[in-house]
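The structure under discussion appears below in the form of structure tokens.
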Amino acid sequence: MSWRRLIYSTALYGVAPLVPLYLLWRARKQPEYVRGWAERFALSYGAHRRSNAARRVWLHAVSLGETRAAKPLVDAFFKLQPDAHIILTHTTPTGRAAGQELFADDLHSGRMTQVYVPYDLPDVIARFLRHFAPTDFWLMETEIWPNMIAACVQRNIPVSLLNGRLSEKTLQKTLNHGFVAQLFGWAYAQFANVCAQSDADAARYAQVGVRQSCLVVTGNVKFDMTLPPEQIEQGEQLKAWAQRANPSHSMVLLASTREGEEQMWLDARANFDDSKIQWWLVPRHPQRFNEVERLLSQAGFVGDAVLRKTELDAMGDAVRRNERLQKARVVLGDTMGEMFAYYAAADVVLMGGAWQPQGGQNFLEPLALGKPTLIGPHTYNFAQVASDAVVAAALIQVDRMDSALVEVQRVLTQPVEYERYQANARYFVIQHQGAVQRTLAIVL
């Protein structure tokens, strides 16, 4: 172990006793954090046993976005190697919940095992590797852990970074701190493969230490998403209900909003005529559903003005459902795993995560459905693809939320412009597909 990794590991052991307190603190808003502690320390995996498959891939998808991105990759992998096994790990409960939804069939069949990722402590990683004995380690997108990589390399387990993205912001943070640059530079140099999303990402990976011989641009696997037909059908049903209740209204979706963005929208709409719009608002994290409802109430959306999606789902009576949708000015999407249904129902999508410096969320999903989509200025997690989509007139990017609402009104009232964005969005996604096959050709 190098002296830098020794210092890093010692620091982690020093804070390890505080981890349960941190998990309890996180559990105040998301109770799921009190579960799975034994898995995080690789102390117990219950009924999960080592697979007898010849190829056992450890696939780490940190949270929601990475887990969704992994879906087309996993589906294609199992078509090529149906007898393989995947150990799917996550850092967050949100990612774990998404994995349970997306990979339900594979988990039920035993082709996949799902647990929390072990903490990056040498003995913890060793226990995990002894238990599951993976033959390959695939990391999705961004997360780099020096001890995980070192332990795999020591055991001759090839490590690959898939759908890799490295923002300029993260690059500068790494390079500007000598200790961090050396520690992570060593880790990056251990990769057997780095499959980068773009030329710009590849250039940045070369700067942080990835060997040129291991670096290839494969594109973004998120373009290869599978549109779930059952959710598309559900969205069309939601759309039909909403149109029946308010025939002259449009449905505008605020999708995957982050903390602070709902207030920005509320402030912007104070000077905006939205009398012909029904807003559908879906916070990114489930622990914020109640918080966002309180925020709406404080802004004057009280009583029947707010309708929660779970309430709508529970209404078996069509007359009652129609009455509630007629009165609802905001529908709060308080469900998980239904984003494609919300996208399918919407006329226009305002994507969250980019109205404040948080890097943006995956706007490719609504584009794949041909939805005119708007994003804010902060898209450093998707810098290249956002720029390309704007140039292709497949995506609308604005600097301010009030400007976004003006654009929403413009698109909704100009049918020719609306249809142009629909066509451009679908074509942009189709044009950039193929990353999954290119990625698997490298790592297999």
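The values are calculated or read from the model by the stated rules, or taken from the named source; none is laboratory data. None of these values were measured; they are calculated from a predicted model. Backbone-built Cβ (ideal geometry, glycine too); neighbour counts: all protein chains shown. Only protein heavy atoms, including side chains, enter the accessible area calculation; ligands, DNA and RNA are left aside. Shrake-Rupley method; radii C 1.70, N 1.55, O 1.52, S 1.80 Å.
Here are the numbers:
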{"read-out": "Candidate set: the range 170-191, residues that are in contact (Cβ under 8 Å) with a residue 40 or more places away in the chain and hydrophobic (A, V, I, L, M, F, W, C); chosen: the one most open to solvent (accessible area, probe 1.4 Å)", "value": "186"}
{"read-out": "Checklist (1) farther than 26 Å from residue 145 by Cα; (2) under 19 Å from the mean Cα position of the chain (by Cα) applied to residue 89, failing item", "value": "(1)"}
{"read-out": "Matching residues, the range 19-52, being modelled with pLDDT under 95 and closer than 30 Å to residue 185 by Cβ", "value": "19, 22"}
{"read-out": "Test: residue 166 is assigned to a loop (DSSP other than H, G, I, E, B), crowded, with 20+ Cβ neighbours inside 10 Å and at negative phi", "value": "yes"}
{"read-out": "Checking residue 399 against (1) surrounded by fewer than 23 Cβ atoms within 10 Å (Cβ to Cβ); (2) under 21 Å from the mean Cα position of the chain (by Cα); (3) of a type outside the set (Gly, Ala, Ser); (4) part of a loop (DSSP other than H, G, I, E, B), the condition it does not meet", "value": "(2)"}
{"read-out": "Residue within the range 238-258 that is of a type outside the set (A, V, I, L, M, F, W, C), crowded, with 18+ Cβ neighbours inside 10 Å and on the phi > 0 side of the Ramachandran plot present", "value": "yes"}
{"read-out": "So residue 393, is it of a type in the set (Gly, Ala, Ser), farther than 25 Å from residue 168 by Cα and open to solvent by less than 60 Å² (accessible area, probe 1.4 Å)", "value": "no"}
{"read-out": "Residue that is surrounded by the most Cβ atoms within 10 Å (Cβ to Cβ) [pool: residues in the range 82-107 that are out of contact with any helix residue (DSSP H, G or I) (no Cβ under 9 Å at 6 or more places or on another chain) and farther than 22 Å from residue 40 by Cα]", "value": "83"}
{"read-out": "Wholly enclosed helices (runs of 4 or more DSSP H) of the range 268-376 bearing at least 3 residues out of contact with any Gly (no Cβ under 9 Å at 6 or more places or on another chain)", "value": "289-298, 309-314, 318-327, 364-368"}
{"read-out": "Every residue from the range 204-219 that is open to solvent by less than 20 Å² (accessible area, probe 1.4 Å), within 23 Å of the chain's Cα centre (by Cα) and under 17 Å from residue 171 (Cα atoms)", "value": "205"}
